[in-house]
1. Test of understanding: among Ser168, Ser150, Ser140, Ser163, which residue is assigned by TED's automatic domain parsing to the domain that holds Ala77, in contact with a Phe, Trp or Tyr (Cβ under 8 Å, 6 or more places away or on another chain) and among the polar types (S, T, N, Q)?
2. Please indicate, with yes or no, whether at least one residue in the stretch 178-186 is surrounded by 24 or more Cβ atoms within 10 Å (Cβ to Cβ), in contact with a Gly (Cβ under 7 Å, 6 or more places away or on another chain) and in the same structural domain as Val70 (by TED's automatic domain parsing).
3. Restricting to the stretch 367-402, count the residues that are in contact with a helix residue (DSSP H, G or I) (Cβ under 8 Å, 6 or more places away or on another chain), in a strand (DSSP E or B), closer than 14 Å to Gly308 by Cβ and modelled with pLDDT of 95 or more.
4. Restrict the check to the stretch 186-193 and report whether at least one residue is over 24 Å from Thr267 (Cα atoms) and of a type in the set (D, E, K, R).
5. Just the residues that are exposed (fewer than 15 other Cβ atoms within 10 Å of the Cβ) and either at pLDDT 95 or above or more than 14 Å from Val106 (Cα to Cα) (or both), please, taken from the stretch 124-148.
6. Take the conditions closer than 25 Å to Ser140 by Cβ and surrounded by fewer than 20 Cβ atoms within 10 Å (Cβ to Cβ) and apply them to Met151. Does it pass?
7. Determine which member of the set Ala50, Ala29 is under 28 Å from Ala256 (Cβ atoms) and in contact (Cβ under 8 Å) with a residue 40 or more places away in the chain.
Amino acid sequence: MSRRVVITGIGALSPNGNGREEFWRATRAGQSGVGPITRFDPAPFVVRIAGEVRGFDEEVWVDPKDRPHVSRVVPLARAAAKEALDHAGIDPRSLSRDELREIGVVVGSGGGSQEFSEHQYHLYYTGQIKQCSVYAVPTSTIGTMASEVSMRFGLRGLSHVVSTGCTSSSDAIGHAFRTIRAGALDTVVAGGVDAPIAPLIVRGFQLMRIMTSQWNEAPTRASRPFSRDRSGFVLSEGSWFFVLEDRDKALARGAAIHGEILGYGSTCDAYHRVRLEESGEEPARAIQLALREAALPVDAIDYVAYHGTATELNDRVETKAVRLAFGEKAERLPGSSLKSLIGHPQGACGAAALAATLLGMRDGAMHPTINLDEPDPACTLDYIPGQARSMAVEHAVINCIAFGSKNSALVVRRGGI
């Protein structure tokens, strides 16, 4: 019999709040974390805003002497993972070697250490080759990201990275879920992190014309999912991690349960490296597969965490996919886009949406989609516009759509059930 997989710890570092509760307070209140770019001089760029994690001391998590040799994702991931472990009541320092061997790490990231690699090339091509890191190759290799978390806490189980674009962290959590459900491990630290705010990355997205350039003077208004006047997404960074455990083991050690993962679905449109296929059939099928694994009918779902990027194509196709997946239920199914509040943290976005959803379930209030002043006529579902809504949510779907035609969905149940 398959084991039940629960969430016992949540950690968050977000553009609108450092730490789980600060993130949730701002999210519930509809407070945007989007602002002017400070990580480099954005003056030459058309786009000069992003969702940055501010007030975060990297040197708490990486020795200052080691900081030039790692990407920003490393301290971000370590900090959120530590908060999740603390929340779960797990102190790796108190565990035996055999116990540490039973805890795995799965990190989802779209770009990984891409900003670090960009900086290394900058040093090389500007005649500063002696300043290049001796760890330029291993740090630039995305697979080492999970090792950085494992090494920080001495966790000796599997240590994997999932990189599937914007679905990366949803897929990482799905991988962790399946690993525990199959009995391979009892505990996995899983989540997502991305830190893509760097000059060439911004330039690349700018060339694709998918980031908004119309709100540099009013950054909190920039991310506008489902709105008629949206003009593209806002790039952001962040880190959201969870402790996933076998339910029986978690209860045996007296852990509080903050949610349960019931199902996971993943599909591919097999269509285009960037554009979504217009029918919405494969993102709908990912939701349906997750519901099938969860053994739940569509009527059991109370809320959808939308991918909601604020690009015309994504919002329209995702709305169509939800209608296909839920049928008549879609017209009365509330949901919201966290990206309206924090921008788009790339491969970390699924983990971010899961954290916000679980905390909303806990408090009986789901966060709003802000900046939805006038809905697109093709986007007419209930996106919880403007302010948080008090509501009881027992089951929710976390939806993600990625470059390369990828789609993923998670079905989660409220904690304490």
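The values are calculated or read from the model by the stated rules, or taken from the named source; none is laboratory data. What you see is a predicted model; the values in this text were computed from it and never measured. When we count neighbours, we look across all protein chains shown, and the Cβ atoms used for this are built from the backbone with ideal geometry, even at glycine.
1. Step by step, each of Ser168, Ser150, Ser140, Ser163 is checked, and only Ser140 is assigned by TED's automatic domain parsing to the domain that holds Ala77, in contact with a Phe, Trp or Tyr (Cβ under 8 Å, 6 or more places away or on another chain) and among the polar types (S, T, N, Q).
2. No: zero hits.
3. 6
4. yes
5. Tyr124, Tyr125, Thr126, Gly127, Gln128, Ile129, Lys130, Gln131, Val134, Val137, Pro138
6. So Met151 fits the description; yes.
7. Answer to the selection: Ala29.
Rundown of residues vs (1) buried (at least 19 other Cβ atoms within 10 Å of the Cβ); (2) of a type outside the set (Phe, Trp, Tyr); (3) farther than 23 Å from Leu313 by Cα, yes/no style:
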residue: Ala378; (1), (2), (3): no, yes, no
residue: Gln387; (1), (2), (3): no, yes, yes
residue: Asn399; (1), (2), (3): yes, yes, no
residue: Phe403; (1), (2), (3): no, no, no
residue: Ser408; (1), (2), (3): yes, yes, no
